[in-house]
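Bear in mind that the values in this text are calculations on the coordinates, not laboratory data. Values in this document were obtained by computation on a predicted structure and should not be read as measured data. Using ideal geometry, Cβ is built from the backbone for each residue, glycine included, and neighbour counts are taken over all protein chains shown.
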Amino acid sequence: MKQLPQYAFEPFGFAGKRKCPGYRFALAQVSMLLAKLLRSGLQFGLAPGQTVTAKYDLSGKPAEEIWMTVEQSS
């Protein structure tokens with residue numbers, strides 16, 4: 001991995017003193033939005049023909065983008 005210079009510009013750095021000061025607030029906002037969407041009665045599902053395959057690295061993640069459908073439940 002290429003090392004960055006000590007004072008390289010990283011606006012939303014990953015760790016240490018250059019880490020984004022609002023990342024916890026942003027995470028809380030996204031969590032609350034997701035909870036509100038799930039409680040609102042919307043139904044989420046995979047798009048037709050969508051298959052999800054896992055890719056294992058340091059952590060598990062999907063190998064490709066996941067497309068979803070959102071429908072109003074009756």
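Observations on the model:
- Residue that is farthest from residue 69 (Cα to Cα) [pool: residues in segment 40-58 that are touching a residue at least 12 places away in the same chain (Cβ under 8 Å), part of a strand (DSSP E or B) and among the hydrophobic types (A, V, I, L, M, F, W, C)]: 42
- Within segment 59-74, considering residues that are under 16 Å from the mean Cα position of the chain (by Cα) and assigned to a strand (DSSP E or B), the one farthest from residue 38 (Cα to Cα): 60
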